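The values are calculated or read from the model by the stated rules, or taken from the named source; none is laboratory data. A quick note: this is a predicted structure, and the numbers were derived from the prediction, not measured. No Cβ is skipped: glycine too gets one built from the backbone with ideal geometry, and neighbour counts run over all protein chains shown. Note: areas computed on protein heavy atoms with side chains; ligands, DNA, RNA excluded. Shrake-Rupley method; radii C 1.70, N 1.55, O 1.52, S 1.80 Å.
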Amino acid sequence: MTDFGAPQPIAVTGYDGDAMEPFLARDGTRLFFNNRNDPADQTDIHWAERSGPHSFAYRGRVDGAALPDVLDGVPSMSEDGTFVFTSLRGVDDKRTIWRGRFAEGKLSALGPVKGSVNIERAFWVNMDSEISADGRVLVTTDSRFDPLRGRIVESNLVYAEASDDAYLRAEKNAELFARINTNLLEYAAAMTRDLKTLYFTRADFEALAAGDPAGFQTLVATRTRIDAPWGVPRPIASIKGYAEAVTLSPDECSLYFHQRVDARFVIMRTTKTSCATVRNGAR
């Protein structure tokens with residue numbers, strides 16, 4: 001079991017709404033997130049700039065990533081500013097993973113991710129995605145929506161690699177995730193820079209409906225080579241309750257994630273106990 005300390009809240013000054021699906025920029029200076037993922041809300045991507053070791057100053061919505069009456073969320077970004085996110089603006093064309101270029105609070109060159117990432121099957125969507133630091137890899141989900149139950153009922157991780165201006169699903173995708181994907185829901189991937197460590201969320205909605213607090217788990221898996229499958233995942237015991245969607249600090253010592261606290265979603269952080277020192281602003 002991977003050892004992390006007790007989670008602590010992260011402040012976003014100037015913002016008083018729900019904060020979900022966090023993504024911390026690779027240099028740690030900017031925090032992206034969306035407000036509550038709820039059909040009753042206008043879900044948009046927001047951003048903030050670091051103002052202290054445990055705080056960020058709110059800067060507003062990401063310009064260009066918001067459309068009225070459309071869900072836009074789950075941001076991720078490579079070091080060069082390639083910004084990927086989930087948007088239902090293209091759901092009728094079965095294109096829910098979008099891409100742009102982020103600079104100074106704005107997105108440009110916006111369009112759906114090209115290649116074979118977006119799944120083209122009825123009632124299936126790509127629920128979220130994580131782009132690697134170097135932009136060469138995209139991990140997304142194949143997720144099936146059940147209109148009768150009104151929720152996602154299947155979700156597995158999918159590995160895709162950059163090819164020119166597109167991302168193509170890896171031929172051995174099933175092998176890479178053989179110990180990861182199950183009949184439960186796997187989603188919300190986060191990868192270390194070397195692509196050898198994978199964090200993700202696993203949810204059992206039947207357990208959640210029965211009141212089992214273990215219905216959500218955050219897990220971590222490792223591999224010895226970037227072309228090898230990930231090993232058996234291990235739970236992170238300190239992340240409990242309704243908690244999902246981790247993102248890594250620049251030094252990969254800390255995890256940021258969202259958690260429901262008193263009916264509101266907030267951003268939390270937990271740090272590996274093996275990281276003995278905390279550099280100001282690094283996590």
Looking only at the stretch 156-205, and only at residues there that are open to solvent by 10 Å² or more (accessible area, probe 1.4 Å) and part of a helix (DSSP H, G or I), the one that is modelled with the lowest pLDDT: Phe205
Those residues of the stretch 226-237 which are at pLDDT 95 or above and either touching a Pro at 6+ places or on another chain (Cβ under 6 Å) or open to solvent by 50 Å² or more (accessible area, probe 1.4 Å) (or both), in sequence order: Val232, Arg234
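Regarding Ala133, is this residue closer than 30 Å to Thr13 by Cβ, aliphatic (A, V, I, L, M) and under 19 Å from the mean Cα position of the chain (by Cα)?
Yes; evaluated as a whole, the condition is true for this residue.
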Output for the stretch 64-75, where each listed residue is closer than 18 Å to Thr141 by Cβ and either touching a helix residue (DSSP H, G or I) at 6+ places or on another chain (Cβ under 8 Å) or in contact (Cβ under 8 Å) with a residue 60 or more places away in the chain (or both): Leu71, Asp72, Val74
Residue count for the stretch 155-170, restricted to those that are within 26 Å of Arg234 (Cα to Cα) and free of Cβ contacts under 8 Å to residues at least 12 places away in the same chain: 1
Qualifying residue in the stretch 143-155 (condition: at pLDDT 95 or above, of a type in the set (Val, Ile, Thr) and in contact with an Asp or Glu (Cβ under 7 Å, 6 or more places away or on another chain)): no
Enumeration of residues in the stretch 7-16 that are at pLDDT below 95 and open to solvent by less than 80 Å² (accessible area, probe 1.4 Å): none
Subset of the stretch 133-151 (residues that are among the acidic types (Asp, Glu) and either open to solvent by less than 10 Å² (accessible area, probe 1.4 Å) or within 18 Å of Arg169 (Cα to Cα) (or both)): Asp134, Asp142
Residue among Arg95, Arg121 that is surrounded by fewer than 18 Cβ atoms within 10 Å (Cβ to Cβ), over 21 Å from Phe257 (Cβ atoms) and either touching an Asp or Glu at 6+ places or on another chain (Cβ under 6 Å) or basic (Lys, Arg) (or both): Arg121
Neighbours by Cβ (under 6 Å, 6+ apart or cross-chain): first from the stretch 225-253, over 15 Å from Arg193 (Cβ atoms); second basic (Lys, Arg) and part of a strand (DSSP E or B): Tyr242/Arg260
Leading residue by the ranking (farthest from Ile10 (Cα to Cα)) among those in the stretch 62-87 that are acidic (Asp, Glu) and part of a loop (DSSP other than H, G, I, E, B): Asp69
Options Lys114, Lys106; residue that is touching a residue at least 40 places away in the same chain (Cβ under 8 Å), more than 18 Å from Arg169 (Cα to Cα) and open to solvent by 70 Å² or more (accessible area, probe 1.4 Å): Lys106
Qualifying residue in the stretch 49-61 (condition: without any contact (Cβ under 8 Å) to a residue 60 or more places away in the chain and either within 15 Å of the chain's Cα centre (by Cα) or assigned to a loop (DSSP other than H, G, I, E, B) (or both)): no
Residues located in the stretch 212-225, provided they are open to solvent by 40 Å² or more (accessible area, probe 1.4 Å) and either charged (D, E, K, R) or more than 18 Å from Glu186 (Cα to Cα) (or both): Asp212, Thr224, Arg225
Qualifying residue in the stretch 254-270 (condition: among the acidic types (Asp, Glu) and under 17 Å from Leu157 (Cβ atoms)): no
